[in-house]
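Student: Please find one structure pasted underneath; my questions will follow.
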Amino acid sequence: MHTLYAATATATGTPAPMLILLAIIGTAVYLVSCWLWPFRACSRCDGAGRFRSPSGRAWRYCHRCNGKGAQLRTGRRILTYLGNTRDRGTRR
């Protein structure tokens, strides 16, 4: 009797280089988006800049965003820090 073998493909390499490349591309896309759109909606007031007082009779400005409704994104803080670090290194 003849034995039939199924043709199978086995992975010979690891996917680590591809995952590293995807992580680098994802980080680059996030930093570019932070450069283009540096602000996000305030997490406390949802971008309104104000909210009702506890009594519900008056409006109060948000203390977290100072009534602006926007906060800097984390990636933009990183870009600003890196830019300032470079500037501090080139000053005489």
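The values are calculated or read from the model by the stated rules, or taken from the named source; none is laboratory data. The structure displayed is predicted, hence computed values, not measured ones. As a convention, Cβ positions derive from the backbone with ideal geometry for all residues, glycine included, and neighbour counts pool all protein chains shown. Keep in mind that these areas ignore ligands, DNA and RNA; they rest on the heavy atoms of the full protein, side chains included. Shrake-Rupley method; radii C 1.70, N 1.55, O 1.52, S 1.80 Å.
Student: Pairs, please: C-beta under 6 Å, at least 6 apart or cross-chain, first residue closer than 22 Å to Thr74 by Cα and in the stretch 42-61, second open to solvent by less than 90 Å² (accessible area, probe 1.4 Å) and of a type in the set (Gly, Ala, Ser)?
Tutor: Cys42/Gly69; Gly47/Ala41; Gly47/Gly69; Ala48/Gly69; Gly49/Gly67; Gly49/Gly69
Student: Residue under question is Arg60, and the condition is that it be at pLDDT 85 or above and either of a type in the set (Lys, Arg) or in a loop (DSSP other than H, G, I, E, B) (or both); does it hold?
Tutor: Spelling it out, it is not the case that Arg60 is at pLDDT 85 or above and either of a type in the set (Lys, Arg) or in a loop (DSSP other than H, G, I, E, B) (or both).
Student: I've got another one for you. Among Ile78, Ile25, Ile20, which is the only one that is open to solvent by 60 Å² or more (accessible area, probe 1.4 Å), in a helix (DSSP H, G or I), among the aliphatic types (A, V, I, L, M) and touching a residue at least 24 places away in the same chain (Cβ under 8 Å)?
Tutor: Ile78
Student: Confirm whether Ser53 is surrounded by 11 or more Cβ atoms within 10 Å (Cβ to Cβ), at negative phi and small (Gly, Ala, Ser).
Tutor: no
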